[in-house]
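Everything on this sheet refers to the single structure shown next.
The values are calculated or read from the model by the stated rules, or taken from the named source; none is laboratory data. Predicted model only: the values in this text are computed from it and were never measured. Glycine also receives a Cβ, built like all others from the backbone with ideal geometry; neighbour counts cover every protein chain displayed. Side chains included, ligands, DNA and RNA excluded: accessible areas come from the protein's heavy atoms. Shrake-Rupley method; radii C 1.70, N 1.55, O 1.52, S 1.80 Å.
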Amino acid sequence: MDELAQLGEAEVRRVHVWLDLWLSGRCDDEETLAPFTDALHADFTLVAPSGVMRERRQVIEDVEGGRGALGEDFVITIRKPSLRWATDDLLLVTYEEWQVLHGKDRGRLSSVLFLREGEDAQRLSWLHLHETWLPED
């Protein structure tokens, strides 16, 4: 189970490092959406903190249009990643995503359902993500 927990945590961190760089505009000029889009399963869905459900295409469009939109002071930090449940082909991971925007911290609790793919099942594909705002101080 420790190996699966590490696999899930690494994937959560990998995608959020990319999002941090992309949304802040600190990414390389040659950077593409591929590290993000390749991570999302064809049937990916997102339940945003507002309660709105978005499909893969909509999420990709939002992220593509958000390159640099949040400014260079925008930062994402992942806290408390935890493997909650696993089968041979699915992992459920929870984590806190903290964002700093214009000097203010805002957190969300997220649950992601990963589909394990590939010959050795070491590739994780984001199947469903549900985000909820954490209470503000």
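Below is a table of values for the structure above.
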item: Candidate set: the stretch 18-52, residues that are in contact with a helix residue (DSSP H, G or I) (Cβ under 9 Å, 6 or more places away or on another chain) and without any contact (Cβ under 8 Å) to a residue 24 or more places away in the chain; chosen: the one farthest from Gly118 (Cα to Cα); result: Asp28
item: Checking Val12 against (1) in a strand (DSSP E or B); (2) under 27 Å from Asp120 (Cα atoms); (3) open to solvent by less than 40 Å² (accessible area, probe 1.4 Å), the condition it does not meet; result: (1)
item: Subset of the stretch 83-100 (residues that are within 15 Å of Leu124 (Cα to Cα) and touching a Ser or Thr at 6+ places or on another chain (Cβ under 8 Å)); result: Leu92, Val93, Thr94
item: Residue among Leu115, Leu124, Leu101, Leu129 that is more than 19 Å from Val17 (Cβ to Cβ) and either among the charged types (D, E, K, R) or in contact with a Phe, Trp or Tyr (Cβ under 9 Å, 6 or more places away or on another chain) (or both); result: Leu115
item: In the stretch 22-38, the residues that are under 13 Å from the mean Cα position of the chain (by Cα) and either under 20 Å from Asp73 (Cβ atoms) or part of a loop (DSSP other than H, G, I, E, B) (or both); result: Trp22, Leu23, Asp38
item: Yes/no for Gly25 being farther than 18 Å from Glu97 by Cβ and not acidic (Asp, Glu); result: yes
